[in-house]
Amino acid sequence: MLPYIINTMRNVKTDILLACRDGLNNYDEIVDLIDRAIVDNPGNSIHDGGIIKVGYDVELDDYRRISQDSKSMLQEMEESERNKTGIRSLKIGYNKVFGYYIEVRHSGADKVPAHYVRKQTLAGAERYITEQLKEFETKILGAQEKIISIEYNIFVEIRNHIKEHLTQIQDTARRIALIDVTASLAEAAATYNYVRPEIRTNGGIEIKDGRHPLVERMLTSDLFVPNDTNLKHKTCEIMVITGPNMAGKSTYMRQVAMLTLMAQIGSFVPAREASISPVDRIFTRIGASDDLVSGQSTFMVEMNEVAQILKYATPNSLIILDEVGRGTSTFDGMSIARAVIEYINKKVHAKTLFATHYHELTDLADNDKSGKIKNFCVAVKERDNEVVFLRRIKSGGADKSYGIQVAKLAGLPKSVMRRAETILKELEAQGSASSTKLAAAAQNNDAAVQMPQQSQSLFHSQLAEQIANIDVTTLTPIEALNTLYKLQNQARKEIGISE
Ligand SMILES: Nc1ncnc2c1ncn2[C@@H]1O[C@H](COP(=O)(O)OP(=O)(O)OP(=O)(O)O)[C@@H](O)[C@H]1O
Ligand SMILES: [Mg+2]
């Protein structure tokens, strides 16, 4: 391919391609050598022969001919000996003990030439050997071994010869690799409508109508919905992204990371317009996986990664956090998620995209004094208890995840879904109070999120039940006094005050 590549590169103008081209070399001599010497499909081992082409080495060809044509060569020799001696009964034969021999019946004994050496006498015939036949024998028997060793030696010789050009060949390979990468990026850019990003140093990442380069290619029935990004240190450093399952949160976040990476390696990007500041690293915490062998559960893996990110991220980093805190109980997870965002906001100052189903976290942006945390959600429409995904990222928070509807799409059994809906309704009725409390607690006290006191509700239920059962209208004053006394005793017991 080298002559083709060199020819194709004749008219390049860009510095990077010129630099690639000017060190390219054809290696005609090596190509020619390999072409003449090595067969097109050699075997896997250099110790089994079958590597060197016919016509490359005279000695090798001789041995090959011997090994392949031994039969016909024997016939030729037999024919010519018969003619030379005039013995019509002359035969060449072979046995394991004596090897090759010339056999002459006694009737022809007087015509046997002097250089025939007697080897064996039979009842009706004599067997001889000649110098020529001896040579032939050694050649045939050793031929196969010889072939393998000659091929090996030639191969090693050629390899050593090529080795002398090793550094140049490696250099050419590197140039070809760079041309390959550049050409591939250019082809993708042209084929899939990428644009040239503007490289900035203001720390911002601004993308108009950005697309995920792979997801947009994989979609068959739907069109990919492009989305904007506007990360700026002063006004939008942390994007808290909420929205239903399957809405496109993860896709969007990775899209931003990929476009940043693509811009930084010198590629065009799938967008209508982009201006991107290079980042020092892209940190991601995505998906659920464990590493049991090295002693890490799913949650440990997740937390370890978060720990690394918080430790090493700088204001010039880009952080992608996809549902941090979901591997543990809701309150623990939500508390960790909130604390992580607060830490990034106060200490790290990296551009961050944070997707979450903890809708309570949207109040972080609402109460953020720095003005750097912003809420975004992925738009959906609800129609007859079904969700329609619009895939549009917009400002503001979401308050529903539509998890059950999405699970339905995945084909969970109907009875499971019905039961889930009932449970959800019950939980929503009970739960709204406690989650509001949790959010309130977080606002009042940055450092610690207060857990609702479970024991309180137990206390309420027992005493409250008794009070509720008293029929006040029929109670005499004495009974009322006694009842009050009993209730007070019980209340004291329950809160641990002895009489
Ligand atoms: N902008 C888009 N245009 C078209 N299709 C999209 C777009 N974004 C995502 N999708 C499709 O939606 C699917 C789900 O997206 P994604 O995994 O990003 O959702 P999610 O909001 O992260 O959901 P979950 O909360 O369940 O993790 C993708 O596999 C993709 O096929
Ligand atoms: Mg996701």
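Any residue that is more than 15 Å from Ile205 (Cα to Cα), in a strand (DSSP E or B), out of contact with any Ser or Thr (no Cβ under 6 Å at 6 or more places or on another chain) and among the basic types (Lys, Arg) - is there at least one of those in the range 302-311? Steps first, please.
Initial filter on the range 302-311 (more than 15 Å from Ile205 (Cα to Cα)): 302-311.
In the following step, the residues that additionally are in a strand (DSSP E or B) were identified as none.
No, every residue in the range 302-311 fails to be more than 15 Å from Ile205 (Cα to Cα), in a strand (DSSP E or B), out of contact with any Ser or Thr (no Cβ under 6 Å at 6 or more places or on another chain) and among the basic types (Lys, Arg).
Among the residues in the range 275-283, are any closer than 22 Å to Ile393 by Cβ, within 21 Å of the chain's Cα centre (by Cα) and either at pLDDT 95 or above or more than 16 Å from ligand 1 (Cβ to nearest atom) (or both)?
To start, the set of residues in the range 275-283 that are closer than 22 Å to Ile393 by Cβ comprises 275-277, 279, 282-283.
This time we only want the ones that are within 21 Å of the chain's Cα centre (by Cα), so: 282-283.
Next, only the ones that are either at pLDDT 95 or above or more than 16 Å from ligand 1 (Cβ to nearest atom) (or both) stay: 282-283.
Yes; the residues of the range 275-283 include at least one that is closer than 22 Å to Ile393 by Cβ, within 21 Å of the chain's Cα centre (by Cα) and either at pLDDT 95 or above or more than 16 Å from ligand 1 (Cβ to nearest atom) (or both).
So the check is Cβ under 6 Å with 6+ separation or different chains; which pairs have a first residue in the range 388-402 that's among the charged types (D, E, K, R) and a second one that's within 8 Å of ligand 1 (Cβ to nearest atom)?
These pairs meet every condition: Arg391/Val225; Arg391/Gly248.
Considering only residues that are touching a Leu at 6+ places or on another chain (Cβ under 9 Å) and within 16 Å of ligand 2 (Cβ to nearest atom), look in the range 226-242 and name the one that is farthest from Met334 (Cα to Cα).
Taking the range 226-242 as the starting set, the residues that turn out to be touching a Leu at 6+ places or on another chain (Cβ under 9 Å) are 229, 231, 237-242.
Applying the additional criterion that residues be within 16 Å of ligand 2 (Cβ to nearest atom) yields 239-242.
Values: Met239: 17, Val240: 13, Ile241: 14, Thr242: 13 Å.
So the residue we want is Met239.
Do we find a residue being under 26 Å from Leu178 (Cα atoms) and surrounded by 11 or more Cβ atoms within 10 Å (Cβ to Cβ) anywhere in the range 55-62? Outline the logic, then answer.
Applying the first criterion (under 26 Å from Leu178 (Cα atoms)) to the range 55-62 yields none.
The answer is no, given that none of the residues of the range 55-62 is under 26 Å from Leu178 (Cα atoms) and surrounded by 11 or more Cβ atoms within 10 Å (Cβ to Cβ).
Of the residues that sit in the range 318-338 and are in a loop (DSSP other than H, G, I, E, B) and surrounded by 19 or more Cβ atoms within 10 Å (Cβ to Cβ), which one is farthest from ligand 2 (Cβ to nearest atom)?
Keep residues of the range 318-338 that are in a loop (DSSP other than H, G, I, E, B), which gives 323-329.
From the residues that got through so far, the ones that are surrounded by 19 or more Cβ atoms within 10 Å (Cβ to Cβ) too are 323-325.
Numbers: Glu323: 6, Val324: 12, Gly325: 14 Å.
Residue satisfying both the conditions and the ranking: Gly325.
For the subset of the range 341-379 comprising residues that are aliphatic (A, V, I, L, M) and either within 16 Å of ligand 1 (Cβ to nearest atom) or under 28 Å from the mean Cα position of the chain (by Cα) (or both), which member is nearest to Asn202 (Cα to Cα)?
Initial filter on the range 341-379 (aliphatic (A, V, I, L, M)): 341, 344, 348, 350, 353, 355, 361, 364-365, 373, 378-379.
This time we only want the ones that are either within 16 Å of ligand 1 (Cβ to nearest atom) or under 28 Å from the mean Cα position of the chain (by Cα) (or both), so: 350, 353, 355, 361, 378-379.
Details: Ala350: 13, Leu353: 18, Ala355: 25, Leu361: 28, Val378: 27, Ala379: 30 Å.
Looking at the filtered set, the residue picked out is Ala350.
Name every residue in the range 213-238 that is among the hydrophobic types (A, V, I, L, M, F, W, C) and more than 27 Å from the chain's Cα centre (by Cα), in order of residue number.
Going through the range 213-238, the residues among the hydrophobic types (A, V, I, L, M, F, W, C) turn out to be 214-215, 218-219, 223-225, 231, 236, 238.
Scanning the range 213-238 gives Leu231, Cys236, Ile238.
For the range 369-385, does any single residue satisfy the condition of being among the aromatic types (Phe, Trp, Tyr) and at pLDDT below 95?
Let us first name the residues in the range 369-385 that are among the aromatic types (Phe, Trp, Tyr), namely 376.
In the following step, the residues that additionally are at pLDDT below 95 were identified as none.
No, the range 369-385 contains no residue that is among the aromatic types (Phe, Trp, Tyr) and at pLDDT below 95.
If only one of Gly325, Gly243 is over 24 Å from the mean Cα position of the chain (by Cα), closer than 20 Å to Ala355 by Cα and within 13 Å of ligand 1 (Cβ to nearest atom), which one is it?
Values: Gly325 fails: within 13 Å of ligand 1 (Cβ to nearest atom).
Exactly one of Gly325, Gly243 is over 24 Å from the mean Cα position of the chain (by Cα), closer than 20 Å to Ala355 by Cα and within 13 Å of ligand 1 (Cβ to nearest atom), namely Gly243.
Residue under question is Val306, and the condition is that it be buried (at least 20 other Cβ atoms within 10 Å of the Cβ) and over 26 Å from the mean Cα position of the chain (by Cα); does it hold? Full working, then the answer.
Details: buried (at least 20 other Cβ atoms within 10 Å of the Cβ): yes; over 26 Å from the mean Cα position of the chain (by Cα): no.
Spelling it out, it is not the case that Val306 is buried (at least 20 other Cβ atoms within 10 Å of the Cβ) and over 26 Å from the mean Cα position of the chain (by Cα).
Pairs needed: first member in the range 118-141, under 22 Å from Glu76 (Cβ atoms); second member anywhere, at pLDDT below 90 and of a type in the set (A, V, I, L, M, F, W, C); C-beta distance under 6 Å; at least 6 residues apart or different chains.
Lys119/Phe98; Lys139/Ile66; Ile140/Ile66
Scan the range 352-371 for residues that are surrounded by 20 or more Cβ atoms within 10 Å (Cβ to Cβ) and part of a loop (DSSP other than H, G, I, E, B) and report the count.
3
Quick check on the range 105-156: of everything there that is part of a helix (DSSP H, G or I) and among the aromatic types (Phe, Trp, Tyr), which residue is nearest to the chain's Cα centre (by Cα)?
Per the stated criteria, the residue is Phe155.
Matching residues to (1) aliphatic (A, V, I, L, M); (2) more than 27 Å from Pro315 (Cβ to Cβ); (3) in a strand (DSSP E or B); (4) away from ligand 2 (no atom under 16 Å from the Cβ):
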site: Asn202; (1), (2), (3), (4): no, no, no, yes
site: Glu206; (1), (2), (3), (4): no, no, yes, yes
site: Arg217; (1), (2), (3), (4): no, yes, no, yes
site: Phe224; (1), (2), (3), (4): no, yes, no, yes
site: Pro244; (1), (2), (3), (4): no, yes, no, no
site: Ser250; (1), (2), (3), (4): no, no, no, no
site: Gln255; (1), (2), (3), (4): no, no, no, no
site: Ala274; (1), (2), (3), (4): yes, no, yes, yes
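Please work out which residue is farthest from Gln462 (Cα to Cα), limiting yourself to the range 475-489 and to residues that are part of a helix (DSSP H, G or I) and of a type in the set (S, T, N, Q).
Pass one, the range 475-489, residues part of a helix (DSSP H, G or I): 477-489.
Restricting the remaining residues to those that are of a type in the set (S, T, N, Q) gives 482-483, 488-489.
Values: Asn482: 18, Thr483: 15, Gln488: 13, Asn489: 13 Å.
Going through the qualifying residues, I end up with Asn482.
For the range 167-189, indicate whether the set of residues that are touching a strand residue (DSSP E or B) at 6+ places or on another chain (Cβ under 9 Å) and in contact (Cβ under 8 Å) with a residue 40 or more places away in the chain is non-empty. I'd like the intermediate steps shown before the answer.
Step one: filter the range 167-189 for residues touching a strand residue (DSSP E or B) at 6+ places or on another chain (Cβ under 9 Å), giving 189.
Those left that are additionally in contact (Cβ under 8 Å) with a residue 40 or more places away in the chain: 189.
Yes: the range 167-189 contains one or more residues that are touching a strand residue (DSSP E or B) at 6+ places or on another chain (Cβ under 9 Å) and in contact (Cβ under 8 Å) with a residue 40 or more places away in the chain.
The values are calculated or read from the model by the stated rules, or taken from the named source; none is laboratory data. Computed from a predicted structure; not experimentally measured. Please note: Cβ atoms are built from the backbone with ideal geometry, for glycine as well, and neighbour counts cover all protein chains shown.
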